[in-house]
1. Pairs, please: C-beta under 6 Å, at least 6 apart or cross-chain, first residue under 22 Å from LYS231 (Cα atoms) and at pLDDT 90 or above and in segment 134-160, second surrounded by fewer than 19 Cβ atoms within 10 Å (Cβ to Cβ) and among the aromatic types (Phe, Trp, Tyr)?
2. Just give me the residues in segment 24-42 being touching a residue at least 60 places away in the same chain (Cβ under 8 Å) and either surrounded by 12 or more Cβ atoms within 10 Å (Cβ to Cβ) or among the hydroxyl-bearing types (Ser, Thr, Tyr) (or both), in sequence order.
3. Being closer than 16 Å to PHE153 by Cβ and part of a helix (DSSP H, G or I) is the filter here, so list the residues in segment 92-124 that pass it.
4. Report whether or not SER62 is of a type in the set (S, T, N, Q) and farther than 27 Å from PHE150 by Cα.
5. How many residues does segment 109-150 contain that are over 18 Å from the mean Cα position of the chain (by Cα) and closer than 30 Å to LEU73 by Cα?
6. Consider segment 20-35. How many of its residues are of a type in the set (S, T, N, Q) and not in a helix (DSSP H, G or I)?
7. Since LEU283 meets every condition but one in (1) at pLDDT 65 or above; (2) over 17 Å from the mean Cα position of the chain (by Cα); (3) among the aliphatic types (A, V, I, L, M), which condition does it not meet?
8. Working only within segment 82-127, note down all residues that are free of Cβ contacts under 8 Å to residues at least 24 places away in the same chain and within 15 Å of ARG162 (Cβ to Cβ).
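The values are calculated or read from the model by the stated rules, or taken from the named source; none is laboratory data. The model shown is predicted, which means the values in this text are computed figures rather than measured ones. Positions of Cβ are generated from backbone atoms using ideal geometry, with glycine treated the same way; all protein chains shown enter the neighbour counts.
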Amino acid sequence: MKLGSVEHKELFCRSFMESYREYEPEYLPWPKLDNTALSLLRSIPFWEKAMDMEREAGALVSGYAATVSDPVLQEAIALQGREESRHACLLNTLVNRYSIEIQERPSVQIPQNIEPAFTSFGFGECLDSFFAFGLFAIAREAGIFPEQIFTIFDPILDEEARHIVFFVNWFTYMQVHRGQGFLPLRGVKTLWHYSKALSTLVATFGNSDSDGTGFTATSAGVFTQDLTLEKFFTVCLQENKHRMSKYDSRLLQPRLIPRLSNIALRTLQLIPKRKPQARDWGLGTGDW
């Protein structure tokens, strides 16, 4: 199959749409939590940012879909927009059901130059999802919440995997159609977009977060106290492989972040072990 061909487009769009799963967040089997689990859930301070990101994603993707003239691409991208909005609805259901206090969220503004914003969002989602796969598995292994919570959110992680597989194929398809499909050029563009996504992630969830609610300050360190960086990368790579194994081998998949993480892991494995804990490399302190 030639990348950028009609066959390619039909494959990545059809695969995305045919794997759609229908559900309503308010009717999912939300479990009753004990006081310990409720206290932990309410203490995680990234709910507002997570809500904002999903609401913005739904509006952005749906807004971009409305500008797409190709009917096959338009249908698939519009479906992703509905799924992103449903993620926001799911978070809202969780917040309301477990009485998590958050401030009223501001209205969403859609960028005027929407395709570049959609592209930046897609690369950011590729970056976020890789680490989210690992963090989800770490939290599940720690058993900090009832298994029913993980059963609810596991398909959401699969939806994120569907989104990023669709995105990298869409990006390549568009590059080929615009005469920019030469592999080295695509590689340079991909690296540039990932660099931009990483800087955005740091700005949003990193040390610049003045209210102390950064992602790195509240993620893995909340779930376990004996997590090493080596184990973190190992779990992320394993979970990414598991999530990606479900897709047609002819489809492109996000490769750069897993490759860089694998290099980082191999480097760590060469360093003499001193059994560092999460606090040694910043997990839970906002330094990573």
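1. As it stands, the answer is ARG140/PHE150, since those pairs meet every condition given.
2. PRO25, GLU26, LEU28, TRP30, PRO31, LEU33, ALA37, LEU38, LEU40, LEU41
3. ASN92, THR93, LEU94, VAL95, ARG97
4. yes
5. 8
6. Residues meeting the conditions: 0.
7. (1)
8. None; the set is empty.
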